[in-house]
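A.B. asks: Below you'll find the structure I mean.
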Amino acid sequence: MTNVWRLICLQKRIHQRLHSPSESCNLFPKLVSNNKFHSGSQLQNIPYSNCVQSVCSISIPFSYSKLLSELAQSKSLAQGLQIHAHLIKSGSSEDSKHRNHLIKLYSKCCLFRHAWNLLDESPVPDLVSWSSLISGYTQNGLGEEALLAFLQMHLLGVKCNEFTFPSVLKACSMANAYALGKQVHGIVAVTGFESDIFVANALVVMYAKFGGMVDSKRLFDEIPERNVVSWNALLSCYTQRDLFEQAVSLFHEMIASGIRPDKFSLSTMINACTGLGGIGLGKKIHGYLMKLGYDSDLFSLNALVDMYAKMGILEDAITVFEEIGQPDIVSWNSVIAGCVLHEYHDRALDLFHQMTSSGTCPNMFTLSSALKACAGLKNHEFGRQLHSLLLKKDILDTFVSVGLIDMYCKCGLIEDARLVYDFIEWKDLIAINAMISGYTQNELDLEGLRLFAETYKEGIGFDQTTLLSILNCTAGLQELTVCKQVHGLSLKSGFQSDAFVINSLIDSYGKCGQMEDAAKAFEECPVVDLPSFTSIISAYAQCGQGEEAIKLYLKLQDADVKPDSFVCSSLLNACANLSAYEQGKQIHVHALKYGYISDVFSGNSLVNMYAKCGSIEDADRAFSEVPERGIVSWSAMIGGLAQHGHGKEALHLFNEMLKDGITPNHVTLVSVLSACNHAGLVEEAKKYFDMMKESYGIEPKEEHYACMIDVLGRAGKLDEATDLMNKMPFAANASIWGALLGSARIHKNLEVGQRAAEMLLTLEPEKSGTHVLLANVYASVGLWDNVAKVRRLMKDSKVKKEPGMSWMEVKDKVYTFIVGDRSHSRSEEIYAKLEELGELMAKAGYVPMIDTDLHDVDRKEKELLLSYHSEKLAVAFGLIVTPAGAPIRVKKNLRICLDCHTAFKFICKIVSREIIIRDINRFHHFKDGSCSCGDYW
């Protein structure tokens, strides 16, 4: 009886609350003395108006009970008050029937002070009075008050009947009074009302509301003669608790038992189909609605609109919507929200305008959907109008404010978003998370971290979503220390076992370059599923550890987990970085098998993979199959053509992109300038560089200047290159000085080369490439003493020259070669093949270019060293192990030397093979005695 006594103790407090001062105690005297009452003018709009008028004018027997019953049914409070006043004046107010009808009227209309006054005035309040009062409380959502009235009635010894118990049981659900509900069930059982259909239905619903679905189903099964209301009760309970499959099974059972479903059964089943995503069954229910004549029921039609909209069948949703004669706010909200859910934002806003034009006033849910549509379209102008409307209607609560924050953030108006956030009086986690996420979306990760620090100090706390947003910030900033702190926070708060948090930790550690920590987080993941595999594979791919990414993919396959498009995309990027052409083709096959080839991300990754693996033809085919080519697709293909030396084709594709209505970004323009650079198109490069700001509003960045300086320098225009560098709005970085040094080496400009080398040695003293390039500059003008000084400086500074390395993939295995290396299992064959090729090349006119070798040894030894470069070892191995006529693909970590470049032009013609070398700068396709670069690299 704990709940009983708790409610009794609360009785006085709640009784005071119910008898609020806002209800006028002097209302009746005013009505009694009001002469207007006798004219009947206040009653002319009610069904019994003629009878009411006659009450005041003639003295004939009249049924007040019938009139009051109808007024109670229609909740006609004003007319009821006047009748009550007349009854008081005529002395008929003591009649118990009149009193009961008045209590019912006042309870329904929330005038509980008057209902209690009538109850208190009654000598012996009967069950009808108490039932009316309890029912009124329940209908108005005042469950605790209803229970207090029930307890008072029970203490007075008034017994419940089949009409009272359903209201009391419903009140137990409302007041979360499970223990009291079970006690009321006991009373029901003792008094014999358990077999009553209405009481039994109420018990079924009550137990279901408290999660006791087993008890609910047992009670349902015990109902002797179940009617459609009984079935509806349990169907509704299953659906509300997201037990959609059980609801569908029960519906089939109901049909099989011969019970004809009504509109409530069918609308409940539509909601179950929506939850299941079962459009087939949903359409069958739609057919039932039409067959049984419920196709004009607004509630059912709204459920259909919601179902079709949520399943993305918008045409059907709109067709049903248009069949509604007078759509209400629920109808409009369903169809608009459905459009937003499936990103038909334009259509959502069109419907919003139609709704307002029709005279239907939007509510907070409508405006929230409209704000999401504005966010999706980045339409901040209309978003501001909605903001003004919200301010005007004074419905700017936290829920809508979060929608405004999201809209402004997605439109890039972060300051406006922060203003909305600052105006929220009571900031909850949803608002905080929206603001932090907005900072992350706008690459203001530091601001996101600051906001989290502020709210954390204030003791507001955090949840899973907060941690995900903060980890996005740490990933963007590559702040390893903060990432570790967030990791610690997740451990302390118990979120370490949350899969989403773990996956974000893996991603953040990966972007911070800490793959050991990322791998450890993956190993500690309680449930290793597709998202966790996706996170770790992506992390390895981003960190340049493609081999590990591919190994994990094999583990994923062993675990019989189907990959998604993100996994395929990450693996293709890993293959691109490895130049793993064969493995890339296998991933392509898997993407086809799983149906991801039409996915934009996978399509873009395919273009990138084939381009970086040396097959520009395959890249072009993949590009043509991308369903919706965006800026990423075009940039990948333009960049691929540039890397392969097809400068003019790249520029032609760029112009095609512009005709297609795609606006270039800074990445696209780097690819365009690179295309000009690799093809020696100086004037074209100048034109596009000048167009960047004028035509596309893009300020050139370091990479654009580096490209442009390289274009000018390689073309021998070193003065122009230097002048452009001096005019840059920022200090030159290593890439820019490197481009200038490379140009100085090509054109043997000692002065520019020395200056560029000095700056590079200051910026990157540990890089061996600078020393090597400077030595090359000295060697090109015959200053061998200076070459020796550079070599001594490297030795004294402990700067080690990066060894030349090459890779070749054969049958899913990658083979590595280092200059002069003999550790390979087939070294004897490789060196024998090189000797054979050397003899054939010599006969064809090849002369080793010993000037490119900086070793202080005699000519014969220099020739020997040149013949054992890593790329030559790789090509010789390829000729041994690959089928005749197959292309040989090799990746090199450094720029290909002049001697190797010359040698491969001879070799490709001798063996009738295409040799594709990807060096640090670009691709070289050797075929029929020439290279795709036109000897310009």
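A.B. asks: Looking at S504, F264, Q586, which one has the Cα that reaches farthest to the positive end of the dipole of the chain (charges on Cβ: Lys, Arg +1; Asp, Glu -1)?
C.D. replies: F264
A.B. asks: Ignoring ligands and nucleic acids, what accessible area does C409 show with a 1.4 Å probe (Å², nearest 10)?
C.D. replies: 0 Å²
A.B. asks: Over the range 205-313, how many pairs of lysines fall under 18 Å by alpha carbon, counting only those 8 or more apart in sequence or from different chains? If you can, show how the numbers build up before the last one.
C.D. replies: Working: K209/K217; K263/K283; K263/K284; K263/K291; K283/K291; K283/K310; K284/K310.
Within the range 205-313, the lysine pair count is 7.
A.B. asks: Kindly report, to the nearest 10 Å², the accessible surface of I405 as traced by a 1.4 Å probe over protein heavy atoms only.
C.D. replies: Rounded to the nearest 10, the figure is 0 Å².
A.B. asks: Assuming a ≥ b ≥ c are the square roots of the Cα gyration tensor eigenvalues, decide whether the range 154-244 counts as rounded (a/c under 1.5), prolate (otherwise, with a/b larger than b/c) or oblate.
C.D. replies: Oblate is the answer for the range 154-244, as a/c is 1.5 or above yet b/c matches or exceeds a/b.
A.B. asks: Take the alpha carbon gyration tensor of the range 540-627, find the square roots of its eigenvalues, order them as a ≥ b ≥ c, and report rounded if a/c is under 1.5; if not, report prolate when a/b exceeds b/c, else oblate.
C.D. replies: Verdict is oblate for the range 540-627.
A.B. asks: At 1.4 Å probe radius, can you tell me the per residue accessible area of the range 193-338 in Å²?
C.D. replies: Normalised by residue count, the accessible surface of the range 193-338 is 44 Å².
A.B. asks: Further, regarding this structure: Among I662, G359, L760, whose Cα projects farthest towards the positive end of the dipole of the chain, with charges put on the beta-carbon of Lys, Arg (+1) and Asp, Glu (-1)?
C.D. replies: G359
A.B. asks: Using the Cα centre of the chain as the reference point, and only Cβ charges (+1 on K/R, -1 on D/E), how large is the resulting charge dipole? Debye, rounded to the nearest 20.
C.D. replies: Here the chain has a charge dipole of around 1080 debye.
A.B. asks: Can you bin the range 264-361 into rounded, prolate or oblate? Criterion: square roots of the alpha carbon gyration tensor eigenvalues sorted a ≥ b ≥ c, rounded for a/c under 1.5, prolate for a/b above b/c, oblate for the rest. Intermediate results must be reported in sequence, preceding the final value.
C.D. replies: Values: a/c = 2.32, a/b = 1.39, b/c = 1.67.
Cα axes put the range 264-361 in the oblate bin.
A.B. asks: Then there is this: Going by average Cβ neighbours within 10 Å, how do the peptides 887-897, 552-562 rank, with the highest at the top?
C.D. replies: Ranking the peptides 887-897, 552-562 by packing returns 887-897, 552-562.
A.B. asks: Could I ask something else about it? I need the peptides 801-811, 866-876 ranked by packing, meaning the mean over residues of other C-beta atoms within 10 angstrom, with the highest value on top. Write down the numbers at each step before the final one.
C.D. replies: Values: 801-811: 17.2, 866-876: 24.5.
Averaged packing, sorted descending, gives the order 866-876, 801-811.
A.B. asks: Which percent, nearest 5, of DSSP beta bridges in the chain are antiparallel?
C.D. replies: 80 percent
A.B. asks: Spin-label point model (7 Å from Cα, Cβ direction): what's the Q485 to K182 distance in nm?
C.D. replies: So the two model labels end up 4.9 nm from each other.
A.B. asks: Per residue, how much accessible surface does the range 802-851 expose to a 1.4 Å probe? Answer in Å², no decimals.
C.D. replies: Working: 3140 Å² over 50 residues.
With the other protein chains kept in place, the range 802-851 gives 63 Å² per residue.
A.B. asks: Hey, another quick one. Checking the table K789/K891; K892/K927; K686/K872; K687/K872 against a 29 Å threshold on Cα-Cα, which pairs fail?
C.D. replies: K789/K891; K686/K872; K687/K872
A.B. asks: Once you place label points 7 Å from the Cα toward the Cβ at D346 and F500, how far apart are they in nm?
C.D. replies: Here the modelled spin labels are 3.2 nm apart.
A.B. asks: Sticking with this one: Counting heavy atoms of the protein chains only and a 1.4 Å probe, report the per residue accessible area for the range 94-191 as a whole number of Å².
C.D. replies: Working: 3870 Å² over 98 residues.
About 39 Å² of surface per residue is accessible.
A.B. asks: Here is a further query. Could you give the length gained on full extension between L391 and S598, defined as 0.36 nm per residue of separation minus the Cα-Cα distance, in nm?
C.D. replies: Values: separation 207, 0.36 × 207 = 74.52 nm, distance 4.42 nm.
Residue separation times 0.36 nm, minus the Cα-Cα distance, leaves 70.1 nm.
A.B. asks: Show me 177-186, 116-125 ranked by packing, highest mean number of other Cβ atoms within 10 Å first.
C.D. replies: Peptide ranking by packing, descending: 177-186, 116-125.
A.B. asks: Farthest toward the dipole's positive end in the chain, which of V528, V799, L155, given Cβ charges of +1 (Lys, Arg) and -1 (Asp, Glu) about the Cα centre?
C.D. replies: L155
A.B. asks: Here's something else I'd like to know. In whole percent, and with a 1.4 Å probe on the protein chains, what portion of the accessible area of the chain is carbon and sulfur?
C.D. replies: The nonpolar share, carbon plus sulfur, comes to 53 percent.
A.B. asks: Based only on Cα atoms, what mean projected area does the convex hull of the chain have, in nm²?
C.D. replies: Taking the Cα atoms of the chain, their convex hull projects to 51.8 nm² on average.
A.B. asks: By how many degrees, 0 to 90 and rounded to 10, does the Cα axis of helix 164-174 deviate from the longest principal axis of the chain?
C.D. replies: Tilt relative to the chain: about 30 degrees.
A.B. asks: Count of lysine pairs in the range 393-539 with Cα atoms under 16 Å apart, counting only pairs 8 or more residues apart in sequence or on different chains?
C.D. replies: Close lysine pairs found across the range 393-539: 5.
A.B. asks: Could you compute Rg(Cα) / (2.2 N^0.38 Å) for the range 495-641, with N its residue count?
C.D. replies: Working it through for the range 495-641, the quotient is 1.04.
A.B. asks: Please arrange T138, T762, T360 by accessible surface area, largest first, computed with a 1.4 Å probe and ligands excluded. Write out the running numbers ahead of the final one.
C.D. replies: On the way: T138 5, T762 105, T360 30 Å².
Sorted by accessible area, descending: T762, T360, T138.
A.B. asks: Let me ask something else about it. Looking at the range 702-837, what % of the alpha carbon pairs are farther apart than 17 Å?
C.D. replies: Distances greater than 17 Å cover 66 percent of the Cα pairs.
A.B. asks: Shifting gears a bit: Can you pull the accessible area of S605 for me, 1.4 Å probe, Å² to the nearest 10?
C.D. replies: Using a 1.4 Å probe on the heavy atoms, I get roughly 10 Å².
A.B. asks: Please compute the modelled spin-label separation between L276 and D558, points set 7 Å along Cα→Cβ, answer in nm with one decimal.
C.D. replies: 3.9 nm
A.B. asks: Related question: Hey, quick one: spin label on I631, modelled 7 Å out along Cα-Cβ, who in the range 694-720 has an amide N within reach, i.e. under 17 Å?
C.D. replies: 694-704
A.B. asks: Work out, step by step, the length gained on full extension between A886 and S827: first 0.36 nm times the residue separation, then minus their alpha carbon distance; give nm to one decimal.
C.D. replies: 19.1 nm
A.B. asks: Oh, and also: Along the Cα-to-Cβ line of L429, 7 Å from the Cα, sits a label point; which residues in the range 464-498 have backbone N less than 16 Å from it?
C.D. replies: 464-471, 489-498
The values are calculated or read from the model by the stated rules, or taken from the named source; none is laboratory data. These numbers come from a predicted model, not from an experiment. Because the Cβ atoms are built from the backbone with ideal geometry, glycine has one as well, and the counts that use them run over all protein chains shown. The area values use the complete protein model at the heavy-atom level, side chains included, leaving out ligands, DNA and RNA. Shrake-Rupley method; radii C 1.70, N 1.55, O 1.52, S 1.80 Å.
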